[in-house]
1. Would you please state the base-10 log of I(q)/I(0) at q = 0.27 1/Å for region 66-150, with intensities from the Debye formula using one equal scatterer on every alpha carbon?
2. With a 1.4 Å probe and every protein chain left in place, work out the accessible area per residue of the chain in Å², rounded to a whole number.
3. With a 1.4 Å probe and all protein chains in place, put Asp44, Asp14, Asp39 in order of accessible area, largest first.
4. Starting from the Cα-Cα distance between Val63 and Gln152, subtract it from 0.36 nm times their residue separation and give me the gain in nm to one decimal.
5. Compute a Gaussian network model of the chain, connecting alpha carbons closer than 10 Å, and tell me which residue from Gln119, Gln46, Gln144 fluctuates the most.
6. Take each of the peptides 48-59, 90-101, average the number of other beta-carbon atoms within 10 Å over its residues, and list them starting from the highest.
7. If you roll a 1.4 angstrom probe over the protein chains with everything in place, what fraction of the accessible area of the chain belongs to carbon and sulfur, to the nearest %?
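The values are calculated or read from the model by the stated rules, or taken from the named source; none is laboratory data. Predicted model only: the values in this text are computed from it and were never measured. Here Cβ is always computed from backbone atoms with ideal geometry, including for glycine, and neighbour counts include all displayed protein chains. Surface areas here come from the heavy atoms of the whole protein model, side chains and all, with no ligands, DNA or RNA. Shrake-Rupley method; radii C 1.70, N 1.55, O 1.52, S 1.80 Å.
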Amino acid sequence: REVSADLKLGRAQDVSGTTIDTVPAVAVNGKNGVWCAWDSLDWDSQARAHHKRLLVCRRDLSVLRPPAPHALTDAVTNVCTPTLVASPQGRLTLVWSEQATAGGPWTLKRADFDAGTSQWTGPQVLESKGDPRFPTAAYGQDGQLWVAYACQTEKGRELVVKKPGG
């Protein structure tokens, strides 16, 4: 819902559809508006099983119906903690962990919105060792992305912080 300058709440509006949608993430940037990402559980009739996907969309609150979301993952077993962040310069990044198959390893991934093409980049693997989970991310004032997540190390489960690409 929109919040006006005098802090009055607008009407609540749908973002997602009829699937079981959880763990929403929201980011606002001046160039591309309100963005939402979430973990969506749906029935895969061919596989005869439930699968999850990570969905993202830009939500224009001036229209009643939400646009069709974009799937950033294929059907996977699990999606963990999508985090959507905007840099001070307006760049959008989505970070999450996913488990492709039941009992398989977890992988930390990232996708960025390319304002020039108005498309999301294909997911990049940030970490595949130690079953990385529960990521969070933030941009520094200098535009550098920071990512923190829980990871299995020789000492046990620990918090790891990294600057992808830097």
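1. -1.38
2. Ligands and nucleic acids excluded, the figure is 58 Å² per residue.
3. Most to least solvent-accessible, the answer reads Asp14, Asp44, Asp39.
4. Working it through step by step, the gained length comes to 27.6 nm.
5. With Cα springs under 10 Å in the chain, the top fluctuation among Gln119, Gln46, Gln144 is at Gln46.
6. 90-101, 48-59
7. Values: 4910 of 9630 Å².
That fraction is 51 percent.
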